[in-house]
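Chemist: Got a structure for you, written out below as structure tokens; questions coming shortly.
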């Protein structure tokens, strides 16, 4: 016998084709779902040095975002509050609660509380908070429903696509400026509102950049 | 196709005319000399991969690997530190990287030209050099691809160049010539591999059958017991390796019919492809509004230059191979003559383009354009221009002389000159235009760094490694096609005495 | 039919061609004279277009013959001889070029056709030619004396190379001296460069310099592509006619036609490649000093599309896409009437291509100063007359040459390969 | 080893091989083929085979490539993510032409190779013919004609005799 391979080998090509199609589909779907950055940071919820609950402060007590993140509407940067800000209340409220011990320690020593940063844009991306909140983009568009979180969690992907989605269609995300910090505000699903949003984008000259240099300055 | 053939009935005039036909004998060297037969050809080509690895191969391989490691080191350095390790600085933001890219891509073009264009032109002499030339194409594309790939800086993001969905939700910018390059070069590489592989299928079948025959005979003698065992083991390996790749090729007439058609079609596809690839490479320059780059002759001029440099490289490779493997009966003086003449032709076309550029730079009456060209020839890079012009335009003019063409050593040296000259051409185009652009305050002078030099130098090693592997494991020449041009393969006898309708 | 009858038939056709040619030329010259007297250049352009058309065919054939020699192509041996016959037209074409050359020397406005030849000519929005700094810069090249010298030189190359190739080829029929072939091959390798340079200069002088502000390094290559297509299409028509009624009956095989058609396909692609590249590079660089050449072939001064836009579209779809798609198809390359049809199609669009290159180049400066008027596409009776006239003379020259030599090169070493050629 | 694949016969030189093929064709056999290590000029006609269908696959591949290129370029650069570059139009057939062109060629080439495999029914790594030692010599210089048992006209004796008559030597029955 001089055949190098047995007869059944002749059926391999068709099997290989089928296998390739199946494997390729699986790989493509898998990579798309699990391995693209869209899914990598979502769900990130580190334990903070102090078990600060946004659900309690922003949700139940309805403290305005700007009370703690003071400069969000005036600066490109939204600051993390200093210990002093905490102590404005907590020097009186729950002043002996053991949970707040790190806050008091920090206040006494002058060393800031080592909060763990959750939301980050890469250093090659320019992001300005004030521009967004002053033109009707609410905090929760990026940070999610913070007022419901006991532990703050990364809920949006912060991929470039996420930014672009809004930059391409701002009217679908924009809200009246007075409602920006109203985390419980619901977007009316009416034609009238949609028109308003479009007009707002036009009248306030909301012109989100889509070119590379808009963000990668 | 009886219906489509023109009225084949001849009347007396034509018969009388044909009776007068009395061709003069023209003694032409056959493409396979010394009256070799089919088996000799098969044996000669197959034994290159079937015999024990020669010592010189190991030596060459070691040297080539060492050289290739320079590219590895250079790239490692680049990736770990950033593109700044290359000698790129404003205003010369394109330096050796693009020069080397265009240089290597150009080298590749001869392979496609020989396999495709000469096939369409029915040039029988292509057969004994086309396989090696195609291999050269593929390896040259590999070497070429390295440079733009690593020039992007963050090489792990290079896949963004392809239209694959990603979380940035952006797509490649198809209005950019650099993006066209991605498509052109990857298409070129892929199609070249397809063409190369398909051409090899019948030969792989031959290698398979020979391994099977040897194993069937089962006689392994002539060496020590271990050497014989190794030889047998290698044949087992060959049997399986070639059998898998040959895809069950059986040399059937039906196979050949479809294969020949596919080959012809692929040749027909590769011809516009090879034109388009270097055209698109030329667009990298010509689309920019920079004096010395924006000129409409760039596309055909680049293509001619590419073919020119490619044939230079074919000569550089084939002449030593011919000597090492004793292939004088297959790569004859006629082959060398023809290649020299193509070098002469394309070199002269390149010369035409140089002159036309200069003339139109003047005729166009644009002061920037005129300056760019005067500056090229007489500015701070005059030495590069002299190298380019003398190597590319004057060197091939020596090929007018039969004496020169018959001196293999001289031809080999000249082929190296051609390679050098063509590298300098790309250097002149890239660097001189960038160095002296519209803003004299920012004029600069480009010097490569050590990393540049090592990376480029190493690609010759990489190329040699790949080529040596090819030599060792794949058939160097298309056996079937060499047989096809031999007189014995003519189904009508080979005396040319039959006239009239053959069907 | 004996060879005498062939000859007599050939003379007959030649005579008819001569008569038709003279009639055509007389009509065309009448138009020329009118243009000369009135200063209206359009009938003179008819002459230039027709001359360009027939010249491009002859130049293409000259190239082909030399390429075949250089590549030592065997199959076209029987076709080569027909090209050699057609190349006899070059001296006649030189004579027919003289009326154009007479304009700068004899006319009161030397720049009647090529406007740079007269400093008084008005440029749209630029003043006159004499005031034009671009002309001043180019005048060492673009001046009447040098133009005339170049024209003579260009024709000298064409005529010289063609005459020698014809002589050696015909000589081999009788003497059977192989040196003729070696000579022809040697001359061809050199001749290709000479012809290329002559052709480039011709295209620059006669076509490109109509609008002398514009420049493109590719222009010579464009004309080369155009010549090759015209020549291949003409060869198909010529050989099929000869095989139908003339001496190639039964000798011209399907394989020959197939290969010529393949070359025609290749050069169709090449023409498109060259034309597209030229357009593309100018379009994307978007520099006004280059783009205006395409602009006037698309728009009027007021921005509206003009007739040339339609012609441009016609060229894209008619000169490239249609023949390209048709020629991809095997049947088109072998079924006679289809191949001939495509050839005629290509020749017609080649003519249109020449119109497109020549006519809009002469912009008209309107009386009111700013802007320009584009000379629109039109076909006149003089176009037809010049085309038929010059063509008649060329065919007469060819028929006359056919009597001088065997119909096929009977002693050529490759003649049998060519006769027995199969696909 | 009872099933038979067919009969093979060898021929001494290309002309006799070629003419034998013509004779097999004229005898009306359908399931048969010639085997030689190089393509013989004019053999498809001598075997009575039609023109190869490979170009159809090429054409399909090319059309697919062009369409995909066109749609891709339009969708990505003009519809999904329009971006202003150098004041150029978002979509024009001119700028992305190289992309469409390259894709046309790429897919046409794949179509051609695939077409060659499909029309030849390859890959088919096993074939009864490889069982014959004689057949393996086709790779060298042997020229073989094989008539298969599936042919309607096949008859062990008559076919063998026919092959002998047309000049075949080394006639051998190959088992399936």
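Chemist: Among the residues of segment D:60-77, is any at pLDDT 90 or above, facing chain B (nearest Cβ under 9 Å) and farther than 26 Å from residue A:164 by Cβ?
Modeler: yes
Chemist: Within segment B:170-185, is even one residue away from chain A (no Cβ under 14 Å), buried (at least 24 other Cβ atoms within 10 Å of the Cβ), out of contact with any strand residue (DSSP E or B) (no Cβ under 7 Å at 6 or more places or on another chain) and closer than 25 Å to residue B:474 by Cβ?
Modeler: Checking segment B:170-185: not a single residue is away from chain A (no Cβ under 14 Å), buried (at least 24 other Cβ atoms within 10 Å of the Cβ), out of contact with any strand residue (DSSP E or B) (no Cβ under 7 Å at 6 or more places or on another chain) and closer than 25 Å to residue B:474 by Cβ.
Chemist: Can you work out which of the residues in segment B:427-453 that are within 33 Å of the chain's Cα centre (by Cα) and in a loop (DSSP other than H, G, I, E, B) is surrounded by the most Cβ atoms within 10 Å (Cβ to Cβ)?
Modeler: Restricting attention to segment B:427-453, the residues satisfying the condition of being within 33 Å of the chain's Cα centre (by Cα) are B:427-435, B:445-453.
Still in the running and in a loop (DSSP other than H, G, I, E, B): B:445-449.
Values: B:445: 11, B:446: 22, B:447: 10, B:448: 19, B:449: 17.
Restricting to residues being within 33 Å of the chain's Cα centre (by Cα) and in a loop (DSSP other than H, G, I, E, B), the top hit is B:446.
Chemist: If we keep just the residues of segment D:105-130 that are touching a residue at least 24 places away in the same chain (Cβ under 8 Å) and surrounded by fewer than 20 Cβ atoms within 10 Å (Cβ to Cβ), which is farthest from residue B:201 (Cα to Cα)?
Modeler: D:128
Each row is one residue, and each column tells you yes or no for (1) within 10 Å of chain B (Cβ to nearest Cβ); (2) surrounded by fewer than 22 Cβ atoms within 10 Å (Cβ to Cβ); (3) touching a helix residue (DSSP H, G or I) at 6+ places or on another chain (Cβ under 6 Å); (4) modelled with pLDDT under 90.
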{"position": "C:168", "(1), (2), (3), (4)": "no, yes, yes, no"}
{"position": "C:173", "(1), (2), (3), (4)": "yes, yes, no, yes"}
{"position": "C:178", "(1), (2), (3), (4)": "yes, yes, no, yes"}
{"position": "C:183", "(1), (2), (3), (4)": "no, yes, yes, no"}
{"position": "C:194", "(1), (2), (3), (4)": "no, yes, yes, no"}
{"position": "C:197", "(1), (2), (3), (4)": "yes, yes, no, no"}
{"position": "C:203", "(1), (2), (3), (4)": "no, no, yes, no"}
{"position": "C:211", "(1), (2), (3), (4)": "no, yes, yes, yes"}
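Chemist: Shifting gears a bit: All but one of (1) touching a residue at least 40 places away in the same chain (Cβ under 8 Å); (2) more than 22 Å from the chain's Cα centre (by Cα); (3) not in a loop (DSSP other than H, G, I, E, B) hold for residue C:260, so report the exception by its number.
Modeler: With (1) touching a residue at least 40 places away in the same chain (Cβ under 8 Å); (2) more than 22 Å from the chain's Cα centre (by Cα); (3) not in a loop (DSSP other than H, G, I, E, B) applied to residue C:260, the lone miss is (2).
Chemist: OK, next. What number of residues in segment A:173-199 are crowded, with 18+ Cβ neighbours inside 10 Å and part of a helix (DSSP H, G or I)?
Modeler: Adding up the residues that qualify gives 1.
Chemist: While we're looking at this one, here's another question. Residues of segment A:134-172 being within 14 Å of another protein chain (Cβ to nearest Cβ), surrounded by fewer than 17 Cβ atoms within 10 Å (Cβ to Cβ) and assigned to a loop (DSSP other than H, G, I, E, B), which ones?
Modeler: Selection gives A:156, A:169.
Chemist: Within segment D:66-82, can one find any residue that is out of contact with any strand residue (DSSP E or B) (no Cβ under 8 Å at 6 or more places or on another chain), crowded, with 22+ Cβ neighbours inside 10 Å and under 24 Å from residue C:328 (Cα atoms)?
Modeler: Scanning segment D:66-82 turns up at least one residue that is out of contact with any strand residue (DSSP E or B) (no Cβ under 8 Å at 6 or more places or on another chain), crowded, with 22+ Cβ neighbours inside 10 Å and under 24 Å from residue C:328 (Cα atoms).
Chemist: Same structure again: Go through segment B:118-141 residue by residue and tally those that are part of a helix (DSSP H, G or I) and over 12 Å from the mean Cα position of the chain (by Cα). Quick ask: steps written out before the conclusion?
Modeler: Our first condition is that a residue be part of a helix (DSSP H, G or I); within segment B:118-141, this holds for B:118-120, B:124-141.
Still in the list and also over 12 Å from the mean Cα position of the chain (by Cα): B:118-120, B:124-128.
Looking only at that region, the number is 8.
Chemist: Please work out if residue B:289 is more than 10 Å from chain C (Cβ to nearest Cβ) and either part of a loop (DSSP other than H, G, I, E, B) or over 27 Å from residue B:430 (Cα atoms) (or both). Spell out the reasoning first.
Modeler: Details: more than 10 Å from chain C (Cβ to nearest Cβ): no; either part of a loop (DSSP other than H, G, I, E, B) or over 27 Å from residue B:430 (Cα atoms) (or both): yes.
When the stated conditions are applied, residue B:289 does not pass them.
Chemist: Now for a separate question. Among (1) away from chain A (no Cβ under 14 Å); (2) at negative phi, which single condition is residue B:122 missing?
Modeler: Unmet for residue B:122, out of (1) away from chain A (no Cβ under 14 Å); (2) at negative phi: (2).
Chemist: Another one. Restricting to segment C:369-409, count the residues that are in contact (Cβ under 8 Å) with a residue 60 or more places away in the chain and assigned to a loop (DSSP other than H, G, I, E, B).
Modeler: 17
Chemist: Kindly indicate whether any position in segment D:36-43 is more than 9 Å from chain B (Cβ to nearest Cβ), touching a helix residue (DSSP H, G or I) at 6+ places or on another chain (Cβ under 8 Å) and farther than 25 Å from residue B:246 by Cβ. Outline the logic, then answer.
Modeler: Here is the first cut: in segment D:36-43, the residues more than 9 Å from chain B (Cβ to nearest Cβ) are none.
No, the conditions are met nowhere in segment D:36-43.
Chemist: Something else about it: Check off (1) more than 8 Å from every other protein chain (Cβ to nearest Cβ); (2) within 30 Å of residue B:19 (Cα to Cα); (3) modelled with pLDDT under 90 for residue C:296 and give me the number that stays unchecked.
Modeler: (2)
Chemist: Out of all the residues in segment B:206-217, is one or more out of contact with any helix residue (DSSP H, G or I) (no Cβ under 8 Å at 6 or more places or on another chain), surrounded by fewer than 16 Cβ atoms within 10 Å (Cβ to Cβ), more than 14 Å from chain A (Cβ to nearest Cβ) and farther than 30 Å from residue D:86 by Cα? It would help to see each step written out before you state the result.
Modeler: Residues of segment B:206-217 out of contact with any helix residue (DSSP H, G or I) (no Cβ under 8 Å at 6 or more places or on another chain): B:217.
Then keep just the ones that are surrounded by fewer than 16 Cβ atoms within 10 Å (Cβ to Cβ); that gives B:217.
Subsequent filtering for residues that are more than 14 Å from chain A (Cβ to nearest Cβ) retains none.
No: segment B:206-217 contains no residue that is out of contact with any helix residue (DSSP H, G or I) (no Cβ under 8 Å at 6 or more places or on another chain), surrounded by fewer than 16 Cβ atoms within 10 Å (Cβ to Cβ), more than 14 Å from chain A (Cβ to nearest Cβ) and farther than 30 Å from residue D:86 by Cα.
Chemist: May I ask you to say which residue of B:353, B:377, B:409, B:372 is assigned to a helix (DSSP H, G or I) and within 10 Å of chain C (Cβ to nearest Cβ)? Outline the logic, then answer.
Modeler: Values: B:377 fails: within 10 Å of chain C (Cβ to nearest Cβ); B:409 fails: within 10 Å of chain C (Cβ to nearest Cβ); B:372 fails: within 10 Å of chain C (Cβ to nearest Cβ).
Answer to the selection: B:353.
Chemist: Then there is this: Return yes or no: is residue A:18 outside the structural domain of residue A:133 (by TED's automatic domain parsing) and more than 30 Å from residue A:135 (Cβ to Cβ)? Can you show your working first?
Modeler: Working: outside the structural domain of residue A:133 (by TED's automatic domain parsing): yes; more than 30 Å from residue A:135 (Cβ to Cβ): yes.
Yes, satisfied.
Chemist: Follow-up question, since we're still on this one. Any residue in segment B:331-339 that is in contact with a helix residue (DSSP H, G or I) (Cβ under 9 Å, 6 or more places away or on another chain), in a loop (DSSP other than H, G, I, E, B) and surrounded by 19 or more Cβ atoms within 10 Å (Cβ to Cβ)? Give the derivation first.
Modeler: Pass one, segment B:331-339, residues in contact with a helix residue (DSSP H, G or I) (Cβ under 9 Å, 6 or more places away or on another chain): B:331-339.
Then drop every residue that is not in a loop (DSSP other than H, G, I, E, B), which leaves B:331-332.
Checking which are surrounded by 19 or more Cβ atoms within 10 Å (Cβ to Cβ) leaves us with B:331-332.
So far as segment B:331-339 goes, yes, one or more of its residues are in contact with a helix residue (DSSP H, G or I) (Cβ under 9 Å, 6 or more places away or on another chain), in a loop (DSSP other than H, G, I, E, B) and surrounded by 19 or more Cβ atoms within 10 Å (Cβ to Cβ).
Chemist: Kindly provide the set of residues from segment C:116-141 that are closer than 11 Å to residue C:213 by Cα and either at the interface with chain B (Cβ under 9 Å from one of its Cβ atoms) or outside any loop (DSSP other than H, G, I, E, B) (or both), ordered by number. Before the answer, list the steps.
Modeler: Keep residues of segment C:116-141 that are closer than 11 Å to residue C:213 by Cα, which gives C:116, C:123, C:129, C:132-135, C:137-138.
Listed by number, the residues that qualify are C:116, C:123, C:133, C:134, C:135, C:137, C:138.
Chemist: Looking at residue D:152, is it in the same structural domain as residue D:38 (by TED's automatic domain parsing), in contact with a helix residue (DSSP H, G or I) (Cβ under 7 Å, 6 or more places away or on another chain), surrounded by fewer than 19 Cβ atoms within 10 Å (Cβ to Cβ) and part of a loop (DSSP other than H, G, I, E, B)? Break it down stepwise before answering.
Modeler: Values: in the same structural domain as residue D:38 (by TED's automatic domain parsing): yes; in contact with a helix residue (DSSP H, G or I) (Cβ under 7 Å, 6 or more places away or on another chain): no; surrounded by fewer than 19 Cβ atoms within 10 Å (Cβ to Cβ): yes; part of a loop (DSSP other than H, G, I, E, B): yes.
Judged against the criteria, residue D:152 is not a match.
Chemist: Follow-up. Taking helices (runs of 4 or more DSSP H) that do not extend beyond segment A:40-112, which have at least 1 residues that are under 22 Å from the mean Cα position of the chain (by Cα) and either under 21 Å from residue A:146 (Cα atoms) or at pLDDT 90 or above (or both)?
Modeler: Numbers: elements: A:65-68, A:83-90, A:101-109.
Here the list reads A:65-68.
Residues checked against (1) away from chain A (no Cβ under 14 Å); (2) under 30 Å from residue B:335 (Cα atoms); (3) in contact with a strand residue (DSSP E or B) (Cβ under 9 Å, 6 or more places away or on another chain); (4) surrounded by 20 or more Cβ atoms within 10 Å (Cβ to Cβ):
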{"position": "B:143", "(1), (2), (3), (4)": "yes, yes, no, yes"}
{"position": "B:149", "(1), (2), (3), (4)": "yes, no, no, no"}
{"position": "B:152", "(1), (2), (3), (4)": "yes, no, no, no"}
{"position": "B:168", "(1), (2), (3), (4)": "no, no, no, no"}
{"position": "B:188", "(1), (2), (3), (4)": "yes, yes, no, yes"}
{"position": "B:235", "(1), (2), (3), (4)": "no, no, no, no"}
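Chemist: Further question on the same structure: Scan segment C:76-112 for residues that are surrounded by 22 or more Cβ atoms within 10 Å (Cβ to Cβ) and more than 30 Å from residue C:14 (Cα to Cα) and report the count.
Modeler: The total comes to 1.
Chemist: Return the only residue of D:33, D:13 being under 15 Å from residue D:146 (Cα atoms), touching a residue at least 60 places away in the same chain (Cβ under 8 Å) and at the interface with another protein chain (Cβ under 9 Å from one of its Cβ atoms). Before the answer, list the steps.
Modeler: Values: D:13 fails: under 15 Å from residue D:146 (Cα atoms).
One residue alone meets the criteria, D:33.
The values are calculated or read from the model by the stated rules, or taken from the named source; none is laboratory data. From a predicted model like this one, the values you see are computed outputs, not experimental measurements. Quick reminder, even Gly has a Cβ in these numbers, built from the backbone with ideal geometry, and neighbours come from all protein chains shown.
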